[in-house]
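First the structure, then my questions, so here it is.
The values are calculated or read from the model by the stated rules, or taken from the named source; none is laboratory data. These figures come from a predicted structure and were not determined experimentally. All Cβ positions, even for glycine, are placed from backbone atoms using ideal geometry, and neighbour counts span all protein chains on display. Protein only, heavy atoms only, side chains kept; ligands, DNA and RNA dropped before computing areas. Shrake-Rupley method; radii C 1.70, N 1.55, O 1.52, S 1.80 Å.
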Amino acid sequence: MTDEKTAILKGTLDMLILKVVALGPIHGYAISQRIQQISKDYFQLQEGSLYPALHRLENRGFLAADWQSTDTGREAKFYKLTRKGRKRLETEMEGWERMTEAVALILRTAE
Amino acid sequence: MRWPTRFFRKRNRESQLDSELRFHIEQKTAELIAKGVDPSEARRHAMAKFGGVEAVKEDCRESRAFYWLESLLADVRYAIRTLRKSPGFTTTAILTLALGIGANTAIFSVVDAVLLRPLPYKDPAHLVWATIQFPKAKMHGSFVPHPIYFAWRDQNDVFSGIAATHSEGNFTLTGGGIPERIRGMGVSANFFSVLGVEPALGRDFTSEEDRPGGPHAAILSYGLWQSRFAGDPRALGQPIMLNDRGYSTVGVLPASFKFPIPGRQPQLFVPLAVPTSTRSEVWYLNVIARLKRGVTLAQAEADLSLIESRAFPLLPKFFGRFTQEVHLSVIPLHDHLTAGARVPLLTLMAAVVFILLIACANIANLQLSRGSVRAREFALRSALGATRSRLARQLLTESMLLSVMGGLVGLAGGFWGVVLLRAFVPVGLLNVWNVHIDGTALAFTIAVSALAGVVSGLWPMSTLFSPGLNDTLQTTGRAQATGSRSNVFLRNLLAVAEVAAAVVLLIAAGLLLRSFLRLTDVSLGFNTHDLLTAQISLPSEKYSTSPQLEAFSAQLLGRISALPGVRAASLSTSLPNALYMDMRVGIEGRPVPGLNDPTSFVPLDSVSDGYFRTLGIPILLGRGFDNRDGPKTARVAVVNQEFVRRFFPHGENPIGKVILLAPGGAYQRAVPIIGVAAAIQRAGLSGKPLPEIFQPIAQSPSSDIRVLLRTASDPRILAPALRSQVLAIDRQLPLSHVATMDDLLAGETSRQRFEAAVVGLFAALALALAGVGIYGVISYTVDQRTHEIGIRMALGAERDDVLRLVIRDGMFMAGTGVVVGIGGALALTRLLRSLLFQITPADPATYSAVAVVLATVALMACWIPGRRAMRVDPNVALRHE
């Protein structure tokens, strides 16, 4: 992964995780696969680095977790969005949109 | 599916974290296998894709709210386990630290009590000491003539209160119980109110009592009230007799009241009652004052200086020549009262700080040796994903734990040290101050311990990480191979620093010791050995007339001179090393000196004719007293050389010149000089010789007699015989203060002895620690170089060559330390100047002696590992590789 991508990822990893978890209870491995699939492997995540972010979001009350069985019958830790997390996701998305719009506007009009 | 949730919640968080991450890697592996990757390759790939497991775990943990506490507890548990695994190191480190911290706690508690704590008076920051020095008057200390005090008192704009004191010396307190000698002090009526102190019982002095001829009043210290009056409130208003004059006690001071006059606490206060006239005589006063708010010391000095110059004309005429040179100063009262203790205490404080630094350097060195062994442990943990900051925190926890334990043991030692100090500190240095370990000293100990932990822990830490951890992991087995170059350099540097600090301390101790020896060696001008002294006070009821006194003296002298074992015996009115009575004198044919002109006062003694022979004082000119000088013959006097120097400075022959004595104030007695004796050190060991006049005791007998016996052997043996001779003359006569002159003089040097002993003790500790430091470094180097030594020996090096090699390295280190230490000592010992006597702070003898002592210790410290290096068997050493 290039430095440029790392920088973008670092700032937005929390938002991406919240967005993925918003779709329904999901375990860590699945989150990492989902982010890579959806981004068409644009983000080559060092997979371990996902977990500190997950734990941070859980400890701050944006995510809740419990242990459930997977399809294959193994126990795994499933994360789901809390009410607080949903609000957080909304504000982060709004902020992100406003910023990208502003950046795009500058790029267009500054020509 | 509720139960597994509850089940899992109970499991601890660590295993949950572990399961979660393992699940991820297993899923990944399974997925890769499903894609057709080889199973072992799949797992490796999954791990690589995941990153450092331990680092991820650590990052996850850190997001927990109280993780710092958890990790601290874990670190402490781990540190305790590690320290218990090497009890030798742990004990050494804790004891070394305890030594340094304990010494610091004890000395700091004294510094805190004496120098840092504010004086126990109201608003003490505004209290000042105002004084004038007249260098031309050649008086001891500095005092304010009373006319100037009056002018200051009446005209100043800078003080809200100004009071004067006068050391009244000792009183004999009689009436109600046995007579007692007590320390008294004369104070102006407002003295206590300027300090902001109120009597605990009764009242303060009134201004009426402070007038000459006013009612005689006294205020008791709490201690005297307890000891003399058993704390009875009825003591108030009771008449007491002080020096045969009646006083009434009007008040008792609070128990907490302290006012040290040169380090001693007065037991009783009387009003000063300074005469209002300023023309005829001068009283020399001590002046304290309270600054008005917002007035600075410089402003006060300027104001007093102006008033003072206007007041000079009010002084008696003889004073005029002294006012040509005047030094006025206003200093904080606290500085004045603690002036004598400041340098000694700061010296001790500096000494213990050095001890602590050496202790820290030693522990840092020990940590470094351990560090090279532990480098593998840390490399392994680092490879498993522990971050550097995590490892650093671990090491810091370990050294903090050591210093906390060292601090606790040290605190116990500090309590003990304070008890010792209180018992052994000579009278006058700080006995008035309340020395104990309080909150401030406790806080100081905690701060020092923390600092010691950081200092001794941080350095080793920095080297642990400097070599590549991977290299460390790859070097197989041999711990000693891990000592990197910077590590060795740092260890040498620490040892050099230890040696340097020890050198500074040893030099300081050496200077104090030499100075003490010089002091005890001072030729007092008389032979102090084999000299027994004693005191007799003849009661005035039985011995009232001169013939009675004279008869007693003659009879006593006859009896004690005949005692077997006595070589010479004599009587005098004061001991040659003790306080003396000053007499106002003039020379016939010259102008009469002004009243209280300080240069007109000369110590006067009555002595029997054997006096000069008994003490071994040579007669330089004319003759000493003999049996020609009896009660009926013409009065004569012997003076000393210093008297001649002061009164006959132009080489006139003093013999036959007539001295005028003014015993009652007026000159009434004319005595011709018949001889000149050599001067002795009357004003103490470090003082200057004083002029003196002697009269025959047969012509001026006294009721207060000192006995001097020059003995053939140990003077103490003669004490019972002397006592029985006195009792044979008068069965009721007590002989008091029986002591040898050498014992009396030892008391005089007790302060110097104490300073030399304490700093010497600290220096010895420093020397031992520095020796251990050098030994540690050298034996570590030898261990490290076993292989190299083996090669050298296989190539034909002799065992002596090996020893020389090891010793050369060690001595180079010690030599560097000595040079640095001598440089430091030259810079620092200048501060000791005021404590030294006839020794310059750069005394070459002390410096070279210390260098030799240190070199010897260093040589021994190298010798032991050097012998070990000599015994290296080349076969074993080489096979070892």
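Scan the stretch B:20-27 and tell me whether some residue there is open to solvent by less than 50 Å² (accessible area, probe 1.4 Å), modelled with pLDDT of 80 or more and away from every other protein chain (no Cβ under 12 Å).
no
For the stretch B:614-642, how many residues are more than 26 Å from B:Pro547 (Cβ to Cβ) and in a helix (DSSP H, G or I)?
Within the stretch B:614-642, residues that are more than 26 Å from B:Pro547 (Cβ to Cβ) and in a helix (DSSP H, G or I) number 3.
The rows are residues; the columns are (1) open to solvent by 40 Å² or more (accessible area, probe 1.4 Å); (2) charged (D, E, K, R).
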position: B:Gly610; (1), (2): no, no
position: B:Leu615; (1), (2): no, no
position: B:Ile619; (1), (2): yes, no
position: B:Asp629; (1), (2): no, yes
position: B:Ala637; (1), (2): no, no
position: B:Asn640; (1), (2): no, no
position: B:Arg646; (1), (2): yes, yes
position: B:Asn653; (1), (2): yes, no
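Here is a follow-up. Considering only the stretch B:262-282, state which residues are at pLDDT below 80 and crowded, with 17+ Cβ neighbours inside 10 Å.
B:Gly263, B:Thr278, B:Val282
Quick one: in the stretch A:37-60, of everything that is more than 11 Å from chain B (Cβ to nearest Cβ) and open to solvent by less than 50 Å² (accessible area, probe 1.4 Å), which residue is modelled with the lowest pLDDT?
A:Phe43
Okay, residues lined up against (1) charged (D, E, K, R); (2) in contact with a Leu (Cβ under 9 Å, 6 or more places away or on another chain); (3) surrounded by 15 or more Cβ atoms within 10 Å (Cβ to Cβ); (4) modelled with pLDDT of 80 or more:
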| position | (1), (2), (3), (4) |
| --- | --- |
| B:Val409 | no, yes, yes, yes |
| B:Val425 | no, no, yes, no |
| B:Ala447 | no, no, no, yes |
| B:Leu451 | no, yes, no, yes |
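How many residues are part of a loop (DSSP other than H, G, I, E, B) and either over 24 Å from B:Gly196 (Cβ atoms) or under 39 Å from the mean Cα position of the chain (by Cα) (or both) if we restrict to the stretch B:215-263?
Going through the stretch B:215-263 one residue at a time, the tally reaches 20.
Need pairs with beta-carbon distance below 7 Å; first residue free of Cβ contacts under 8 Å to residues at least 60 places away in the same chain and at negative phi and within the stretch B:224-239, second surrounded by 18 or more Cβ atoms within 10 Å (Cβ to Cβ) and assigned to a loop (DSSP other than H, G, I, E, B); sequence gap 6+ or separate chains.
What qualifies is B:Leu224/B:Gln267.
Does B:Leu17 fit the bill of being open to solvent by less than 40 Å² (accessible area, probe 1.4 Å), at pLDDT below 85 and hydrophobic (A, V, I, L, M, F, W, C)?
The answer is no for B:Leu17.
A further question on this structure: Looking at the stretch B:731-838, what helices (runs of 4 or more DSSP H) fall wholly within it and have at least 2 residues that are under 30 Å from B:Leu519 (Cα atoms)?
Ranges flagged: B:741-748, B:750-784, B:799-828.
Still on this model: Applying the selection to the stretch B:58-106, what residues are of a type in the set (S, T, N, Q) and open to solvent by 70 Å² or more (accessible area, probe 1.4 Å)?
Of everything in the stretch B:58-106, just one residue is of a type in the set (S, T, N, Q) and open to solvent by 70 Å² or more (accessible area, probe 1.4 Å), namely B:Thr91.
Please go through the stretch A:61-77 and give me each residue that is at pLDDT 85 or above, more than 10 Å from chain B (Cβ to nearest Cβ) and at negative phi, ordered by number.
Hits for the stretch A:61-77 are A:Phe62, A:Leu63, A:Ala64.
Can you name every residue in the stretch B:31-63 that is free of Cβ contacts under 8 Å to residues at least 12 places away in the same chain and within 9 Å of another protein chain (Cβ to nearest Cβ)?
B:Glu31, B:Gly51, B:Asp59, B:Glu62, B:Ser63
Residues checked against (1) of a type outside the set (S, T, N, Q); (2) open to solvent by 60 Å² or more (accessible area, probe 1.4 Å); (3) farther than 22 Å from B:Phe134 by Cβ:
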| residue | (1), (2), (3) |
| --- | --- |
| B:Asp303 | yes, no, no |
| B:Glu308 | yes, no, no |
| B:Leu314 | yes, yes, no |
| B:Pro332 | yes, no, yes |
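Cβ-Cβ under 6 Å, sequence separation 6+ or interchain: first residue in the stretch B:695-711 and farther than 11 Å from B:Thr573 by Cα, partner charged (D, E, K, R) and open to solvent by 10 Å² or more (accessible area, probe 1.4 Å). Which pairs?
Listed pairs, sorted by first residue: B:Ala698/B:Glu550; B:Gln699/B:Arg635; B:Arg710/B:Arg567; B:Thr711/B:Asp530.
Test B:Ala712 against the stated conditions and say whether it is surrounded by fewer than 13 Cβ atoms within 10 Å (Cβ to Cβ) and among the hydrophobic types (A, V, I, L, M, F, W, C).
yes
Let me ask something else about it. Would you mind stating whether B:Ala534 is under 20 Å from B:Gln732 (Cβ atoms) and touching a strand residue (DSSP E or B) at 6+ places or on another chain (Cβ under 7 Å)?
yes
Would a scan of the stretch B:836-858 turn up a residue that is without any contact (Cβ under 8 Å) to a residue 24 or more places away in the chain and touching a Lys or Arg at 6+ places or on another chain (Cβ under 9 Å)?
yes
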